[in-house]
Amino acid sequence: MSNLTRLTISEARSKLRAKEIKATELTDAYLDAIDAANGEFNAYVTVTHDKARDMAKASDEKLVRGEGGALEGIPLGIKDLFATEGVHTQACSHVLDGFRPRYESTVTANLWADGAVMLGKLNMDEFAMGSSNETSYYGAVTNPWRAAGSNKQLVPGGSSGGSAAAVAAWLCAGATATDTGGSIRQPAAFTGTVGIKPTYGRVSRWGTVAFASSLDQAGPISRDVRDAAIMLKSMASVDGKDTTSVDLPVPDYEAAIGRSVKGMKIGIPKEYRVDGMPADIEALWQKGIAWLKEAGAEIVDISLPHTKYALPAYYIVAPAEASSNLARYDGVRYGLRVPGKDIIEMYENTRAAGFGREVKRRIMIGTYVLSAGYYDAYYLQAQKVRTLIKKDFEDAFAAGIDVILTPATPSAAFGVADQEMASDPVKMYLNDIFTVTVNMAGLPGIAVPAGMDANGLPLGLQLIGRPFDEETLFQTAHVIEQAAGRFEPAKWW
Amino acid sequence: MTIIDTRTPDPKRLIPGATGDWEVIIGLEVHAQVTSNAKLFSGASTSFGAAPNANVSLVDAAMPGMLPVINEECVKQAIRTGLGLKAQINLKSVFDRKNYFYPDLPQGYQISQYKQPIVGEGKIIISVGPDKKGEFEDIEVGIERLHLEQDAGKSIHDQHPTMSYVDLNRSGVALMEIVSKPDMRSSDEAKAYVTKLRTIVRYLGTCDGNMDEGSMRADVNVSVRRPGEPFGTRCEIKNVNSIRFVGQAIEYEARRQIAILEDGGKIDQETRLFDPNKGETRSMRSKEEAHDYRYFPDPDLLPLEFDQAYVDALAADLPELPDDKKNRLVDTLGLSAYDASILVSEKAIADYFEKVAAGRDGKAAANWVINDLLGALNKAGGDIENAPVSPDQLGAIIDLIKEGTISGKIAKDLFEIVWNEGGDPRELVESRGMKQVTDTGAIEKAVDDVIAANPDKAEQARAKPTMAGWFVGQVMKATGGKANPQAVNDLVKAKLGIVE
C-alpha cells in the first residue's frame, strides 16, 4: 500500500489511467503517510483530508469514464503562499491569522482544472523570506535527509522548505512552490528533488501572496524532471488578471524530455567559482560538465561579469518591494488585529506582533532604501545593476550559448538552528548566491540533483535558460538526471 | 520642475496691504474623477450613492495576492482630457506606488503616476471680467501635467462612540490629477480656471464635474509676494470642494499671509484645510510632518504604452470644445463674443441653444436663450436639462414672430404661458386668440374709429408727425395688442396724411 506514495507523477498517471489503482487509494495512501510522519517533518501546516478525498472521488468518477485532465487524481501539496478558497492561506505568518480566502489562485485553479487533488497547505518561511524554512510562524521543517551516521536535524532549505521536504519524504506526489531569489531551487537541491523557477511571466501571480512582485514566480518541486515538466505545463498560463503574465502558448514540456543535447552549447560562467566554495561543489560541477560533454554538448567558458553585484542588489530590490507589498497587513480588514489606543498604535501593535524578525528586518531595509535621499543611492542603483545582470545573460545567449550550468547552492543542507546563520543574516543570504541572478534577470532556472557531498547529503546543479525556453532546461536536466541517477533519503521515520 | 513666472504684475490685481501692495500667486491641483463604469484597476462599479462597501472588489480591498489590471477606458479618458487641454500626450508613462498608512487606503499605497505622467504640458484660456468698462480679459493658464491615480476610501467617524468605519466604495476609483502652473494672480482667476476646466471635462464627458458629489476637488497652492519679487513660501489648502470656496479660501489665505509678513513674520510651508463654516483656513500639518511617500514604480504594472495612432483616433473623435464652439458662434452666427461665451459656458446650454438656432436667426435665438430662458431659469433656480420650455417650443415661438403671427410683445406672454402650463405654442396662439391681426380691413376700421373720436389730436399730429405714435398706441390697445404694429403704423400715417 505505502508503495503507492513511491510512484512518480508519471507512474501514478499511467496506473490511474490504466485503472490499476484508484485516485482515492492513492490519496488515502498519502493522507496516511502525512498523518504518520508530519509530526516528524512539520511539512504541512494544514491537511485537507475531506477535501482531498472528495477531489479524489471526483477524479475516480472521471477516470472510470476514461476522462480526466493531465493531473487527474494526482495528490499535491500546496505552499501556504497560494490562495486556496476556504482553506488556510497565511503565508505562514501570524499576521494572517485565520485568513481563509474566498478566492482560488490562478495556479491552484489550473491544477484543479487538470484534475489534481489537494492534500493540504505546506510550511514555508514567513512570506517566503528565508533560506531554511525557520522563519515560519508554524516552526521549522525537518529535512528527510540526514548526514551519514548522524541524527542531527537538517533544514530543508527555504522558503519552499515544506514543499521540498514533503516531496522528498513521499508526503505528496509533487508540490507547488515559489521562487523569488532561489526559494524553489535551493530547497530542491537540499532535498534531492527537482525544482524549476520558470521565466518571469510564465506563471500567473494572481492569488499568490506577494513577496517581491518583480521577482516572484511559482513553479513545481517534484521527484524527477519529467514530473516537473508535467506540473509546470498545468501551472503555467497567460492570465488576464496578471498583466505581467506573458501571452505565449504553453508548450508540452514533457515532449522535450529524452531529446539529445548533442551539439548544444553549455556555458560555464567563471564568476560562479566563488571563494571558499567546498570541494564537493566544485567536483559536482565538473561531473555535470563531464556528463553533458559525454552526451555530445559543447562546453564553453563564459563570463557573466556583474554576477558579484547580484546578491547585494537583490537584497535592495526584494525588500523594497516587500516593504510596500506587506503594507496591507495592517489589522484593518483581515488577519491579526492587536488593539491600541488609536489607529497608529493599532498598526504598530498588530505589525509588531504579526511579523517575525526576518520579515521585520526586510521591511525595514526596504523602507530605508526607498526613503527620500536614499532612493537614488540604493534602489535606483540596484535597478541599474539588475539591467546589467540581465545584459550579461543576453550577451551570453546572443553568443550562441543554449544553457548555462552552475552549482545550485554553495553547500549541502545545514543544521536546524545553525548558530552561524542565526548570528549573521548575511550568511543565510549567501545561500542564494547562485540563484538570485536568475530572478534578477527574469530567466528560467532548474535545480536537478546530481550527487552527494562527503556526508551523503544531496547536492544539486542549476541550469539557466533563455527566456521562455523551459523546454531546453527539461531536456538538459533530464540528461544530468539520467547520468546521476535519482536520490532518495534513507527512511528513518 | 522649474517654475517659470509667466505673468507681469498687474496693478489692478494687486492686494493693498498696510505697507504697500501684494501680489497673490496661485496654482491648483484639481482631482477630477474619471467618468467610467469601472475603477482604475478593478472591475468594481463607480456608481455614486451605493450602500457602503457595495462597490468593492477583492483588488479594492487589497486582499492578499490581488493584482491591479489597468482599465483601458480610464486611459482613454485621460488622453481625451489631455487633448482637450491642448497638452502633450506621453506615449509611455509609468505607474508608481505612493506609500503611506491610512485605514481607508487598503493597499498601504496609492497607485499614482510620479515621474512619468500620461499627460504633460498644456494650457487653458480663461476669461475674467467684466471690469468697470464691461470688458473681459483672456488669460492663458499653463497646465503642468495630468496623471492618473487611485482615489482612497472614506473613513467615517460619527457612527460609533469609539470606532471609525471605513467605506471602500471610492477606493480605487480613477482620478485625474490636473496640475496647473502657478499662473493665477487672483481668486477670480482661480475660480475662472476651475470653472473652465469643469466646462472642458464636461464637454469631453471625461468627468461629470459635480463638486458637491466629490467628483471634482481642488488643492489650492497660495503664496504672496511684493510685485516683482521672487515667489514666496506657499501653503497648500487641501480638498476644497466648491468653486465659491476656492475663491474664499484664496482670499482668506492671501490676507492671512500678508498679515504675517507685514508683521515681520515668515510663512511656514504647510498643508492647510479650509473651513467653509468659518470661512478660514487652518493648519493641518507642517512641512516637517510631511510624509515620505517612498515612491517607486509599481512592479505589478508594466509601463503604460500606446502609439500615436491610438491618440490620433481619440483626437478624431473629440467633440467640439468650448473655445472652438465660441469662435464658431461668433464667426458663423454673428453673435457677440459675450453672448457666445455665455452660451458655451455649459455644454447643456450650448446644446440647447444649437437646437433652437438650427434653421433660425442665430442672434434672435441667442437673445431668447440668454435673456428669457436663462433669465427665467435663474429666477426659478432650475437647470437647463429640466427647463420647462424645450428647444422646440422656444424655436416655435421664434418662428411665430418671424412669420408675423405674433408680435414680440405677445411672444413674451406666450413664453410665460408655455413655461407655466406647457403646450404647443402654435396651438396656444390659436386657442387663446393671440394671433396678430394682419387683416388691414379690421385695422383700418380701428384706425378710423380712433381718428374720428379724437379730431383735435389728429389735427396736432398732422402738424407734428411724431404725435402719430399716440394713435398707434391707441389702435394697439383697441385691438388687444394683436394688430400688426407695422401695419397699424403705416395705416395711421396714411390716414393722417403724414408723408415721410
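The values are calculated or read from the model by the stated rules, or taken from the named source; none is laboratory data. What you see is a predicted model; the values in this text were computed from it and never measured. Every residue, glycine as well, gets a Cβ built from its backbone with ideal geometry; the counts of neighbours run over all protein chains shown. These accessible areas exclude ligands, DNA and RNA; they are computed on the full protein's heavy atoms, side chains included. Shrake-Rupley method; radii C 1.70, N 1.55, O 1.52, S 1.80 Å.
Filter the stretch A:315-330 for residues that are part of a helix (DSSP H, G or I) and charged (D, E, K, R); which is surrounded by the most Cβ atoms within 10 Å (Cβ to Cβ)?
Only one residue tops the list, namely A:Glu321.
The criterion of being at pLDDT 95 or above and either of a type in the set (Gly, Ala, Ser) or touching an Asp or Glu at 6+ places or on another chain (Cβ under 6 Å) (or both) holds for B:Ala365. Inspection of the stretch B:10-18 finds no residue satisfying the criterion of being under 25 Å from B:Leu301 (Cα atoms) and in the same structural domain as B:Asp96 (by the TED database). Could you check, for the stretch B:108-121, whether at least one of its residues is away from chain A (no Cβ under 14 Å), over 30 Å from A:Ala322 (Cα atoms) and not in a loop (DSSP other than H, G, I, E, B)? Within the stretch B:108-121, not a single residue is away from chain A (no Cβ under 14 Å), over 30 Å from A:Ala322 (Cα atoms) and not in a loop (DSSP other than H, G, I, E, B). For B:Thr46, the test of being surrounded by fewer than 17 Cβ atoms within 10 Å (Cβ to Cβ), of a type in the set (Val, Ile, Thr) and under 27 Å from B:Met211 (Cβ atoms) is failed.
Hey, among the residues in the stretch B:178-205 that are of a type in the set (A, V, I, L, M, F, W, C) and more than 22 Å from B:Ile118 (Cβ to Cβ), which one's most open to solvent (accessible area, probe 1.4 Å)? First the steps, then the outcome.
First, pick out the residues of the stretch B:178-205 that are of a type in the set (A, V, I, L, M, F, W, C): B:178-179, B:184, B:190, B:192, B:194, B:197, B:200-201, B:204.
Subset that is more than 22 Å from B:Ile118 (Cβ to Cβ): B:184, B:190, B:192.
Working: B:Met184: 0, B:Ala190: 0, B:Ala192: 20 Å².
Across the stretch B:178-205, the extreme among qualifying residues is B:Ala192.
Among residues belonging to the stretch B:375-392 that are assigned to a helix (DSSP H, G or I) and modelled with pLDDT of 95 or more, point out the one that is most open to solvent (accessible area, probe 1.4 Å). Within the stretch B:375-392, the match that is most open to solvent (accessible area, probe 1.4 Å) is B:Asp392.
Would you point out the residue of the stretch A:93-132, among those that are among the small types (Gly, Ala, Ser) and within 20 Å of A:Ala165 (Cβ to Cβ), that is nearest to the other protein chains (Cβ to nearest Cβ)? Filtering first and then ranking leaves A:Ser93. For the stretch B:100-115, residues that are out of contact with any Asp or Glu (no Cβ under 6 Å at 6 or more places or on another chain) and either among the hydrophobic types (A, V, I, L, M, F, W, C) or open to solvent by 80 Å² or more (accessible area, probe 1.4 Å) (or both) total 4. If you go through the stretch A:270-287 and keep only what is surrounded by 14 or more Cβ atoms within 10 Å (Cβ to Cβ), under 19 Å from A:Leu304 (Cα atoms) and of a type outside the set (D, E, K, R), you end up with A:Tyr272, A:Val274, A:Met277, A:Trp285. The residue that is nearest to A:Pro269 (Cα to Cα), among those in the stretch A:376-422 that are among the hydroxyl-bearing types (Ser, Thr, Tyr) and in contact (Cβ under 8 Å) with a residue 24 or more places away in the chain, is A:Thr406. Restricting attention to the stretch A:197-229, the residues being open to solvent by 10 Å² or more (accessible area, probe 1.4 Å) and either of a type in the set (D, E, K, R) or under 12 Å from A:Ile446 (Cβ atoms) (or both) number 5.
Conditions tested, residue by residue: (1) outside the structural domain of B:Asp300 (by the TED database); (2) over 18 Å from B:Val75 (Cα atoms); (3) part of a loop (DSSP other than H, G, I, E, B); (4) open to solvent by 20 Å² or more (accessible area, probe 1.4 Å).
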site	(1), (2), (3), (4)
B:Ile124	no, yes, no, no
B:Lys132	no, yes, yes, yes
B:Glu135	no, yes, yes, yes
B:Asp138	no, yes, no, yes
B:Val141	no, yes, no, no
B:Leu146	no, no, no, no
B:Glu149	no, no, no, no
B:Pro161	no, yes, yes, yes
B:Met176	no, no, no, no
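Select the strands (runs of 3 or more DSSP E) contained entirely in the stretch A:154-225, then report the ones holding at least 3 residues which are within 16 Å of A:Phe474 (Cα to Cα). Reasoning before the result, please.
Details: elements: A:174-179, A:194-197, A:217-222.
Where strands (runs of 3 or more DSSP E) fall fully within the stretch A:154-225 and carry at least 3 residues being within 16 Å of A:Phe474 (Cα to Cα), they are A:194-197, A:217-222.
Mind listing whichever residues of the stretch A:400-440 are in a helix (DSSP H, G or I), β-branched (Val, Ile, Thr) and open to solvent by less than 10 Å² (accessible area, probe 1.4 Å)? Of everything in the stretch A:400-440, those that are in a helix (DSSP H, G or I), β-branched (Val, Ile, Thr) and open to solvent by less than 10 Å² (accessible area, probe 1.4 Å) turn out to be A:Val436, A:Thr437, A:Val438.
The rows are residues; the columns are (1) assigned to a helix (DSSP H, G or I); (2) at pLDDT 95 or above; (3) on the phi > 0 side of the Ramachandran plot.
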residue	(1), (2), (3)
B:Leu261	yes, yes, no
B:Arg272	no, yes, no
B:Arg294	no, yes, yes
B:Leu301	no, yes, no
B:Ala315	yes, yes, no
B:Ile342	yes, no, no
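Of all the numbered requirements in (1) over 21 Å from B:Arg198 (Cβ atoms); (2) in contact with a Gly (Cβ under 9 Å, 6 or more places away or on another chain), B:Lys123 misses one, and that requirement is (1). Select from the stretch B:64-78 the residues that are within 7 Å of chain A (Cβ to nearest Cβ) and touching a helix residue (DSSP H, G or I) at 6+ places or on another chain (Cβ under 8 Å) and list them in ascending order. Within the stretch B:64-78, B:Pro64 is the sole residue that qualifies.
Note on the stretch A:1-30: among residues that are among the hydroxyl-bearing types (Ser, Thr, Tyr) and farther than 14 Å from A:Asp227 by Cβ, the one that is modelled with the lowest pLDDT is A:Ser2. Looking only at residues in the stretch B:275-334 that are in contact with a Ser or Thr (Cβ under 7 Å, 6 or more places away or on another chain) and farther than 30 Å from A:Gly240 by Cα, which one is least open to solvent (accessible area, probe 1.4 Å)? Per the criteria, the residue is B:Pro322. In the set (1) more than 22 Å from B:Leu28 (Cα to Cα); (2) not assigned by the TED database to the domain that holds B:Gly362, B:Lys325 fails one condition alone, (2). For the stretch A:444-493, a tally of residues being open to solvent by 10 Å² or more (accessible area, probe 1.4 Å), under 18 Å from A:Phe397 (Cβ atoms) and not basic (Lys, Arg) returns 6. Of all residues in the stretch A:234-263, those satisfying the criterion of being more than 29 Å from A:Glu298 (Cβ to Cβ), in a loop (DSSP other than H, G, I, E, B) and among the polar types (S, T, N, Q) are A:Ser237, A:Thr243, A:Thr244, A:Ser245.
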